[in-house]
Amino acid sequence: MKKLLEQIMEVARSCGAIIRDADRSQIGIKDKEGRANFVTAYDCKVQAYAEKALRQILPDAGFLGEEEGSTVDATKEYIFIVDPIDGTTNFIKDYHMSCISIGLLHNGERYLGVVYNPYLEEMFHAVKGEGAFLNGKPIHVSDEPLSNGIVLFGSSPYNAELSKASFELVYEYFQKALDIRRSGSAALDLCAVAAGRAELFFELILSPWDYAAGALIVEEAGGIVTTVSGDPLPTLVKTSIIAKNH
Ligand code: IPD
Ligand code: CA
Ligand code: CA
C-alpha cells in the first residue's frame with residue numbers, strides 16, 4: 001500500500017512540475033462546452049503523462065480523466081479519476097492556484113486521493129481509514145463554528161443556469177460566517193477545508209474529477225461531505241457538493 005501511494009504521489013509531483021514550469025508562450029487555449037470553459041495544451045499534456053504513468057502502476061485499473069472525452073468501465077476493481085489541471089482558468093491567467101488531482105476508487109468506493117499544488121509544493125493525500133496528510137503531516141478539519149468560519153464556494157462557471165442560486169446561497173453563508181473566498185480550484189478548496197483553513201465549501205455542480213480525491217481527503221480529515229441536499233456523495237457522476245468541518 002505504501003508503495004502504491006508513493007508511486008502515485010511521484011506521478012502527481014511530475015505532473016505538478018509540468019504545470020509549474022509550463023512555457024507560457026505555448027499555452028494553446030481552446031474553448032470547451034459551456035460558459036467560460038477552456039482547455040489548454042497543458043491540460044492534455046498533463047493528462048497524457050498521468051494516464052501513461054498510472055497505467056504502469058496499476059495496469060488493470062480503469063481511467064477517467066477530464067480531457068479527451070474519456071469514459072470508464074465502472075465495474076473495474078480499481079479506477080483512477082484524474083483532473084490534470086484543476087484551476088484551468090487560474091492556469092491561463094498565471095494566477096498560481098491550480099493543482100493536479102488523482103483519486104482512486106476500489107470496488108466502487110473512494111480509496112485514495114492525492115492533490116498536489118506545485119506552486120506552494122503542497123501535497124495533500126489520504127487513504128481510506130488512514131487519515132489525511134499535508135506534506136506527510138496529519139491534518140484535521142477545524143473545530144470553529146460557522147460563525148467564526150470562512151466559507152469557500154465554486155461559482156459553477158460552466159453552468160450559467162446555476163449562477164443565481166449559487167450567489168444566493170453564498171450570500172446566505174456570508175451572513176452566517178466571517179467571510180467568503182473563491183479560489184478557482186475545487187480540489188484545493190476541499191483540501192483547505194480538510195486542513196482547517198476554511199470551515200465549509202460548496203458548489204452546485206462538480207464533475208467526478210473535481211472531487212474524487214478532495215472528498216476523501218476531507219472525510220479522512222474528520223469532515224463531512226455530502227450533496228447540497230445532504231445525500232451521500234456519489235463517485236462517478238456530476239453532483240452538487242458541500243464539505244464542512246462538522
Ligand atoms: C473547475 C474548478 C473551479 C470550479 C469549477 C471546476 P477546472 O475545474 O475546480 O473552481 O468552480 O466548477 O470545473 O475546469 O479548472 O478543471
Ligand atoms: Ca476541475
Ligand atoms: Ca481540469
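Table for the structure above
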| item | result |
| --- | --- |
| Every residue from segment 171-199 that is buried (at least 24 other Cβ atoms within 10 Å of the Cβ) and under 15 Å from the mean Cα position of the chain (by Cα) | Ser185, Ala186, Ala187, Leu188, Asp189, Leu190, Cys191, Val193, Ala194 |
| Residue match in segment 67-80 (condition: surrounded by 13 or more Cβ atoms within 10 Å (Cβ to Cβ), of a type in the set (Gly, Ala, Ser), within 16 Å of ligand 1 (Cβ to nearest atom) and closer than 23 Å to Arg13 by Cβ) | yes |
| Residue in segment 171-196 that is nearest to Gly136 (Cα to Cα), counting only those that are in contact with a strand residue (DSSP E or B) (Cβ under 6 Å, 6 or more places away or on another chain) and among the hydroxyl-bearing types (Ser, Thr, Tyr) | Ser185 |
| Residue within segment 117-133 that is within 16 Å of ligand 2 (Cβ to nearest atom), touching a helix residue (DSSP H, G or I) at 6+ places or on another chain (Cβ under 7 Å) and among the hydrophobic types (A, V, I, L, M, F, W, C) present | yes |
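Read-outs throughout are calculated quantities, based only on the coordinates presented, and are distinct from any laboratory measurement. Predicted model only: the values in this text are computed from it and were never measured. Cβ atoms come from the backbone with ideal geometry, glycine included; neighbour counts cover every protein chain shown.
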